[in-house]
Amino acid sequence: MVTMRLWNFVFVLSSLMLLSSQALGQFEPTTVNRTTTRATIDGQGYFQHTVLAGQTLFGISQAYGVSIETIYNANQHLPDLRNGLRAGLVLHIPVNAVAPLLQAPQRPVQIAQNLTQPTTVRRPEHSVQIQTIEIPYRDFIEHTVDRRETLFGISRRYQVSQDSILMHNPIARQGLHYRQVLKIPVKKYSAIPFFYYDVQQGETLENLSTHFGVTQMEVMNLNQGADLENLAAGSLLRVPARAAAIDWPPYIVVDQQAADSKRLMVYCANPRLKEHYNVAVLIPLYLDQFNPELTRINASHVSFSFLSFYQGILIALDSIAQVGVSITLHTFDIGRNASDAQQLVNNNSLEQMDLIIGPFFPEPLRVIAAFANKRGIAVVSPFYDNPDLLVGNANLFQVSPSLQTMLESTAEYVARNYTHQNIIFVHNNQPEAQGLINAFRNRLTSDLAMVKNGRYLNTINGHLLSDLGLVGKGRRRNGEMGELRNSNGNRQFHEVVYRTGGMAEIQRHLDATRQNIIITLIGGEAFVSNYLRQLDLMRNRFQITVIGTPQWLEYQTVNLRLYESLNVHNMTSDFVDYRQTHEQNFVTRFRKAYRTEPDFDAFHGVRTGYFFFDALGRYGREFFKCVEQLNSPEFTNPFHFKNAYGEGWENIKFVLFRQAGFRQQNVATQ
């Protein structure tokens, strides 16, 4: 029996909580104001910013509207800069890289959420002064790798970070080779003529861009760093110069509701960022279940249940701090009781939070989600995989995909990859599983029909199959489902109710001339063990692939040889590919920090933590307005969120894998 001393456990747990609330960022950051002090060095103009105590590199970069990498590149005479700032340090900020400041807003703009009356935009004066501004934009050049050339050397040559090069050249993560062609992102500048426009009460980016005959993106590029989602009357807006030549009518009427529909795009282009964020972790630690008189505690004690997840969160916190995002973690011991969550709400402990991770169980999660929804705080549900709580909670993120999502997407995978094979659908017609059985049957029927009729690739966007796994596409409308059913004619698969037909019924449908794909929606450790043994006896006569359910992964007594010999496929959102460099790096860091091996919960913790910490850093506390950007293939993300039932967000990315040589292999990478 594995045990550890009680005092040692309490010490470790207390240290982790102290680390989260103090050592990794418990401070009040100092506000950063732009300096007016300039200097010219080698013909280049720089702001001379003197660092004050408490200021961060992230805060300075936001104040000047430049990237952290730009500051690094401009201060190569400070080799220790990447190790942190110190008070009194003078930083060079390139003047031509700094985002221009707009005139401070004179008065707030009141925007009705459900305004139905149109808004009029006044005609500006024609006597405008045309000016020019240098606007940075990203371009790419191609670099051909020479012999013995390294990624570090290339990054130094082009003054671009290694991470940026790898982001645009994923294959380079496996190493460089001679004559390999890399896309190198470079910043270029374009001189854009413009004139200033004095914003009037009630005007928005949507109706102004329509009025001036320019695109919203043109206006956003000219006004980087400005809050274009909430234009303030009296502020000055840069407008492309060609709009000055337009013979404007006295006014133009724009439907405000149509304008509001595009406000999210505006926010994500210029999000409201903070220098410092507060994140709450509501995790079951069960600290009240300790007996102080004990000298040892069993490793199976309930307090260890989610500890590795929390340890992963702490590593993610440390990682995000290294790129300049300042976060204070506040940890609360919340288990299954809704009353504990309600008490937390009542004592105002969560009022200042920018993000809440947890609770882990449905009843307290329901309380916290309702509270956070009223205050515009995003809530992350790390483990609960039932999408019922997403209804009515627009800011709730469900990290673990539901079984129905995974089954429906697996049905699509089967239809696309095994169209002409022999498909057998096995279940027990369980009353409690009728919804899942019907959903899988309907999806398989419709997707087979699309492939058969040649409509699949032409009209329906399928999975995103990559080295990261499988991404479903959500649920179809009933009308579309009916149309596809009618086009299908006879069903293209066999269905077996095992409790009435048994193995004999399955064997009757097996085909010796084709591959047999047997999808089995039945659980139970004893059943699965016996079921696979019986199928294995027929393996010499038939080519068999079995697709099971996630609960099979929990069974300890099933012979792993059967998983391999029957090519058993299963689905999980916690797949770990230890061949990936970033996974190896995490294992190394986890071992060093905690002197043990990370389990799946630890990987789940670091992925969850970093994704949402990074979302805060990129888009602020309202990052839920920018889910489309977070889902972008530009970033290697472990999640892909979609609106479930038109409300909260469900992760629909998972991996379909098989056992190969006692190793789990992602079928998408074969």
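Taking other Cβ atoms within 10 Å as a rough exposure proxy, Y158, Y178 sort from fewest to most as Y178, Y158.
Cβ-Cβ distance of I130 and L287, R₀ of 60 Å, FRET efficiency by 1/(1 + (r/R0)^6): the value works out to about 0.35.
Between L560 and D227, the simple label model (points 7 Å from Cα in the Cβ direction) yields a spacing of 5.7 nm. For the pair S529 and A370 in one chain, pulling the backbone fully straight at 0.36 nm per residue adds 52.9 nm over the alpha carbon distance.
Which links in K183/K625; K188/K274; K274/K625 stretch past 22 Å when you go from one Cα to the other?
Those over the limit are K183/K625; K188/K274.
With Cα atoms defining each centre, the range 130-195 and the range 296-361 are spaced 39 Å apart in the structure. Shown is the FRET efficiency for R296 and R595, computed with R0 = 25 Å from the Cβ-Cβ distance and rounded to the nearest 0.05: 0.85.
Could you compute the net charge surrounding H49? Neighbours are other residues with a C-beta less than 14 Å from the C-beta of H49; K and R count +1, D and E count -1. Counting the neighbours of H49, the net charge comes to +3. Computing FRET efficiency as 1/(1 + (r/R0)^6) for M538 and N386, where r is the C-beta to C-beta distance and R0 is 51 Å, gives about 0.90. Per the Debye formula on identical point scatterers at the alpha carbon atoms of the range 553-670, with no solvent, log10 I(q)/I(0) at q = 0.15, 0.16 Å⁻¹ is -0.85, -0.94.
Extension gain, R179-D198: 0.36 nm per intervening residue step, less the Cα-Cα distance, totals 1.5 nm.
Read-outs throughout are calculated quantities, based only on the coordinates presented, and are distinct from any laboratory measurement. This one's a predicted model, so the numbers in the text were calculated from it and none came from an experiment. Positions of Cβ are backbone-derived with ideal geometry, glycine not excepted, and every protein chain shown enters the neighbour counts.
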